[in-house]
Amino acid sequence: MKQQELIDLVKDMSLTEKVNQLLQVTSGFYIDEAILTGPIRENGITEESIAEAGTVIGLLGAEKYKEIQDSYMEKHPHKIPLMFMFDVINGFRTIFPIPLGQGATFEPELSKRLAQVAAKESAVSGIHVTFAPMVDLVRDARWGRVMESTGEDGKLNSDFAKAMVEGFQGDDVGQEYNIAACVKHFAAYGAPTAGREYNTVELSENTLRGYYLPAYKVAIDAGVEMVMTSFNTLNGVPATGNEWLMRDVLRDEMGFDGVLISDWTAIEEIIYHGYAKDRKQAAELAIKAGVDIDMMTGIYSKELAALIESGKVDERLLDESVLRILMLKNKLGLFENPYKDADPIKEKEVILCEEHRKTALEAAEKSFVLLENDGILPLKKGEKVAFIGPFVPEKEIYGAWSMLAKDEDTVSIADAFAKFEGVYDMTFTQGSPVLGAEDYKLIPKHHVKEVSKADEERMLAEAVEAAKGADKVILAIGEHRVMSGEAASRTDLLLPEVQQRLLRAVHEVNPNIAVVLFTGRPLDLREISEKSKAILNVWMPGTEGGNAIANTLTGNFNPSGKLPMSFPYNVGQVPVHYNEYFTGRPFDPKSGEVMYRSNYRDIPNTPLYPFGYGLSYTTFAYSDLTINKNQMTADEQITASITLKNTGDCTGTETVQLYIRDCFGSVVRPRKELKDYQKVTLQPGEEQVISFTINEEMLQFCRVDMSFGSEPGEFHVYIGADSSTEEYVAFELI
Ligand code: GLC
């Protein structure tokens, strides 16, 4: 439809119709069951409002959605089609590594391809919009949703945000197999006080603008069609009712003119925050903040008409919201083709096809981060290898948001190594459950698989026997997949006690342990690193996880991932991140001074494994850090170079990272900041000069007056393997 036709359509709609166009309900309201991703509130969702709701959350498959669309449009007064939305976070049915694992690839282009695959599988299943990418910057591993982010760095998150939006949406969301993306959660949901889910967010405006907002802005500049509000307050005002954040910042400053959707029941939660006195005021605050879609409360449907008729809310605000929703439906082509790409036949052809599985395998392999290896990996042919641990047979190796993942589609470690019968002398023993009784509280009851104490003891004894006779142990341990994700905050970062007992018992009889670690978040790995000779962090790798692990453990794939989020020394150190400030009493462990410095008396300041860190089966040497000049004006550039050499005995890929420190400014500046990175593959013995171009834009930051720009002065340039790189060269911006 033409824009004017849309405007005329809004004019022609009744007040009730317009109000109900802002309602989103789960697909279950159109059939008898639903995938619920949040609490269902007793609220004003009625037969009438459901019959005119504008959008639906959930997934029922192409056939069912076509039926629902037909019966809905038949009854709708203006035949306006429904728009179907779902959480397609790291894959649809072909499941990819969790976003934190994708961040570890340092390869946004790969995540663009993953989003394209996910969009295609979603589109043929009847989905029009996904609630992704989540670009919340995260520094606190106590918060379970770090698994959904690409990490602690604004530059890396921005690169992935752009890539994912482009992957989902293509050049035009109306084109075949493209779906609209939704950047979330606006804003700063990743900084909850004490890492506790849904908790208060208190940030200086400078920190908000300098670190937390940039990735959303990049997604908006990439053309993201929708933004989702966050549950949290931001400096005392709930985001979902926050007119400054949503109108002044999001729409006026950032130029976002698309659809703004509330998070699940977030409009009603304005009341519980103590910001609205009742549902009527919650509706008024949300619509004035520019929230277009009310996810699952019915408050708009119940309250908006009266607010407008009483003059408390200008009807033009309602009309603007309705128009934005109709414009998105129009961009998707739904007025001409309400089914878009929904096609039961294509669903069967496309979902989990060989090509998609290959992409999932590539992504899983590239997401793995080798944290330790004394040479025990890769495995050598003929070795007697005991595969021990709950994750040896485990099929639930996909993230908490992989609602459509099926165990029968997923390759476990045991599945994958069955193909290596005869290559290695292998035994497979579970050794322990994922969770012992003392840990059941960490996950929702319906996920708990109870194991008796007697069975635990039996499994442990079997594991010890298996370990005794082996050359090496592959110990596959980790978090249950829903120990990270929404509503999964916790105050300790250790593995479940039952798995710690397994590690200790195996280590007693065989210290040659290589740990394969499944996790949705950074953990406290001190004891694991003491009791093992290798640690391969595989995150939650998804459908092809087992094959990717087998390819890596056997050396067919050489790990290349780098940490997108620091792994703390212990939970007491959290939040910890590489780009911290110096303080007035910087602590230098080499100085020997431990009094009256900014440090802890009991642990180091540095994390156990820093941002950007990751090993390879080969080794790399960095040398000859140079810059081509020591001064630059704002319109000039500097070239910084390093020589990288593969000093090991196998081909490897290294992510060379460029960091810059701004030595002083109108606000204090961090120790260093990631400004660029390049993945380089070198043969054994091969060396290459890697160069980066430094321009004035890289030196810009949020200054004391909240403007973005650079300031003259001294800068230090680091190029290295991770954020702990110390050698630098200096230049001056004049
Ligand atoms: C959840 C999440 C949000 C998700 C939405 C719909 O509570 O916060 O990320 O997209 O509800 O499932």
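The values are calculated or read from the model by the stated rules, or taken from the named source; none is laboratory data. Here the structure is a predicted model, which means the values were calculated and not measured. We place every Cβ from the backbone using ideal geometry, glycine too, and count neighbours over all the protein chains shown. Quick note on the areas: whole protein, heavy atoms, side chains included, nothing else; ligands and nucleic acids left out. Shrake-Rupley method; radii C 1.70, N 1.55, O 1.52, S 1.80 Å.
Listed by position, the strands (runs of 3 or more DSSP E) contained in region 376-482 that have at least 2 residues being of a type in the set (A, V, I, L, M, F, W, C) and either under 21 Å from W539 (Cβ atoms) or at pLDDT below 95 (or both) are 384-388, 472-478.
Quick check on L493: is it open to solvent by less than 10 Å² (accessible area, probe 1.4 Å), aliphatic (A, V, I, L, M), more than 16 Å from the ligand (Cβ to nearest atom) and assigned to a helix (DSSP H, G or I)?
Details: open to solvent by less than 10 Å² (accessible area, probe 1.4 Å): yes; aliphatic (A, V, I, L, M): yes; more than 16 Å from the ligand (Cβ to nearest atom): yes; assigned to a helix (DSSP H, G or I): no.
Criteria not met by L493.
Figure legend. Inter-residue proximity from region 83-101: first residues in contact (Cβ under 8 Å) with a residue 12 or more places away in the chain, second residues of a type in the set (D, E, K, R) and within 14 Å of the ligand (Cβ to nearest atom), beta-carbon distance below 6 Å, spacing 6+ or different chains. Indicated pairs: P99/E148. The set of residues from region 176-190 being within 13 Å of the ligand (Cβ to nearest atom) and either of a type in the set (S, T, Y) or under 21 Å from S125 (Cα atoms) (or both) comprises A181, C182, Y189.
Here V538 clears all of (1) open to solvent by less than 50 Å² (accessible area, probe 1.4 Å); (2) not assigned by TED's automatic domain parsing to the domain that holds A416 except the condition numbered (2). The single condition among (1) among the hydroxyl-bearing types (S, T, Y); (2) buried (at least 24 other Cβ atoms within 10 Å of the Cβ); (3) within 16 Å of the ligand (Cβ to nearest atom) that Y198 does not meet is (2). For region 129-147, the criterion of being surrounded by 24 or more Cβ atoms within 10 Å (Cβ to Cβ), more than 15 Å from the chain's Cα centre (by Cα), farther than 20 Å from F368 by Cβ and more than 14 Å from the ligand (Cβ to nearest atom) is met by none of the residues. Do we find that P559 is in the same structural domain as F420 (by TED's automatic domain parsing) and within 30 Å of L404 (Cα to Cα) in this structure? Taking the combined requirement at face value, the residue satisfies it.
Being more than 16 Å from the ligand (Cβ to nearest atom), under 23 Å from V482 (Cα atoms) and open to solvent by 10 Å² or more (accessible area, probe 1.4 Å) is a property that does not hold for R113. Taking each residue of region 711-725 that is among the acidic types (D, E) and looking for partners that are assigned to a loop (DSSP other than H, G, I, E, B) with beta-carbon atoms closer than 6 Å, six or more apart or interchain, yields E711/G665; E714/C663; D722/P610; D722/G612; D722/Y613.
Matching residues to (1) in contact with a Phe, Trp or Tyr (Cβ under 9 Å, 6 or more places away or on another chain); (2) within 16 Å of the ligand (Cβ to nearest atom); (3) in the same structural domain as A514 (by TED's automatic domain parsing); (4) more than 15 Å from G389 (Cα to Cα):
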| site | (1), (2), (3), (4) |
| --- | --- |
| G436 | no, no, yes, no |
| D439 | no, no, yes, yes |
| E457 | no, no, yes, no |
| A463 | no, no, yes, no |
| A467 | no, no, yes, no |
| I474 | yes, no, yes, no |
| E486 | yes, yes, yes, yes |
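The residues of region 90-113 that are more than 9 Å from T150 (Cβ to Cβ), hydrophobic (A, V, I, L, M, F, W, C) and either touching a strand residue (DSSP E or B) at 6+ places or on another chain (Cβ under 7 Å) or modelled with pLDDT under 95 (or both), listed by number, are I98, F106. The C-beta contact set for region 45-61 (first residue open to solvent by 10 Å² or more (accessible area, probe 1.4 Å), second residue part of a strand (DSSP E or B) and of a type in the set (V, I, T), distance under 8 angstrom, 6+ apart or interchain) comprises I45/V25; I50/V25. Filter region 167-187 down to residues that are crowded, with 22+ Cβ neighbours inside 10 Å and either of a type in the set (G, A, S) or part of a helix (DSSP H, G or I) (or both), then give me how many there are. Of the residues in that region, 6 qualify. Taking each residue of region 467-483 that is more than 23 Å from K445 (Cβ to Cβ) and looking for partners that are among the basic types (K, R) and open to solvent by 10 Å² or more (accessible area, probe 1.4 Å) with beta-carbon atoms closer than 7 Å, six or more apart or interchain, yields G469/K384; A470/K384; D471/K384. Right, T297: modelled with pLDDT of 95 or more and within 16 Å of the ligand (Cβ to nearest atom) or not? No, not satisfied.
Residue by residue, here is whether (1) touching a helix residue (DSSP H, G or I) at 6+ places or on another chain (Cβ under 9 Å); (2) of a type in the set (S, T, Y); (3) open to solvent by less than 10 Å² (accessible area, probe 1.4 Å) holds:
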position: E284; (1), (2), (3): yes, no, no
position: A289; (1), (2), (3): yes, no, yes
position: G298; (1), (2), (3): yes, no, yes
position: L304; (1), (2), (3): yes, no, yes
position: G311; (1), (2), (3): no, no, no
position: L328; (1), (2), (3): no, no, yes
position: F335; (1), (2), (3): yes, no, no
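Applying the selection to region 401-437, what residues are acidic (D, E) and touching a residue at least 60 places away in the same chain (Cβ under 8 Å)? Residues satisfying the conditions are D409, D415.
Within the group V165, V124, which residue is among the aliphatic types (A, V, I, L, M) and out of contact with any strand residue (DSSP E or B) (no Cβ under 8 Å at 6 or more places or on another chain)? Let's see the steps before the verdict.
On the way: V165 fails: out of contact with any strand residue (DSSP E or B) (no Cβ under 8 Å at 6 or more places or on another chain).
Going through V165, V124 in turn, the sole match is V124.
Of the numbered criteria (1) more than 23 Å from S367 (Cα to Cα); (2) in contact (Cβ under 8 Å) with a residue 24 or more places away in the chain, the one V656 fails is (1).
Take the residues of region 237-278 that are touching a residue at least 12 places away in the same chain (Cβ under 8 Å) and open to solvent by 40 Å² or more (accessible area, probe 1.4 Å): which is farthest from E303 (Cα to Cα)? Please lay out each step first, then the result.
Our first condition is that a residue be touching a residue at least 12 places away in the same chain (Cβ under 8 Å); within region 237-278, this holds for 237-243, 245-247, 249-251, 254-270, 273, 275-276.
If we keep only those that are open to solvent by 40 Å² or more (accessible area, probe 1.4 Å) too, we end up with 243, 247, 255, 257, 273, 275.
On the way: E243: 19, R247: 21, G255: 29, D257: 25, H273: 19, Y275: 17 Å.
My answer is G255.
Residues of region 241-257 being closer than 13 Å to I220 by Cα, of a type outside the set (A, V, I, L, M) and either within 16 Å of the ligand (Cβ to nearest atom) or outside any loop (DSSP other than H, G, I, E, B) (or both), which ones? So that I can check it myself, show each step before the final result.
So the first thing to find is which residues in region 241-257 are closer than 13 Å to I220 by Cα, and the list is 249-257.
In the following step, the residues that additionally are of a type outside the set (A, V, I, L, M) were identified as 251-253, 255-257.
Result: R251, D252, E253.
Among the residues of region 62-102, write down those that are open to solvent by 30 Å² or more (accessible area, probe 1.4 Å) and either within 16 Å of the ligand (Cβ to nearest atom) or within 16 Å of the chain's Cα centre (by Cα) (or both). Even if it seems obvious, please write down each step before you answer.
Applying the first criterion (open to solvent by 30 Å² or more (accessible area, probe 1.4 Å)) to region 62-102 yields 63-64, 66-67, 70-71, 73-75, 77-79, 93.
If the condition is that a residue be open to solvent by 30 Å² or more (accessible area, probe 1.4 Å) and either within 16 Å of the ligand (Cβ to nearest atom) or within 16 Å of the chain's Cα centre (by Cα) (or both), then no residue fits.
Matching residues to (1) in contact (Cβ under 8 Å) with a residue 60 or more places away in the chain; (2) in a helix (DSSP H, G or I); (3) within 21 Å of the chain's Cα centre (by Cα):
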residue: V498; (1), (2), (3): yes, yes, no
residue: L503; (1), (2), (3): no, yes, no
residue: V506; (1), (2), (3): yes, yes, no
residue: G520; (1), (2), (3): yes, no, yes
residue: I528; (1), (2), (3): no, yes, no
residue: S532; (1), (2), (3): yes, no, no
residue: N537; (1), (2), (3): yes, no, yes
residue: G561; (1), (2), (3): yes, no, yes
residue: M565; (1), (2), (3): yes, no, yes
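Summed over region 463-490, residues that are hydrophobic (A, V, I, L, M, F, W, C), buried (at least 20 other Cβ atoms within 10 Å of the Cβ) and more than 24 Å from F231 (Cα to Cα) total 9. Select from region 622-671 the residues that are in contact with a His (Cβ under 8 Å, 6 or more places away or on another chain) and over 16 Å from I690 (Cβ atoms) and write down the one among them that is least open to solvent (accessible area, probe 1.4 Å). Per the stated criteria, the residue is C663.
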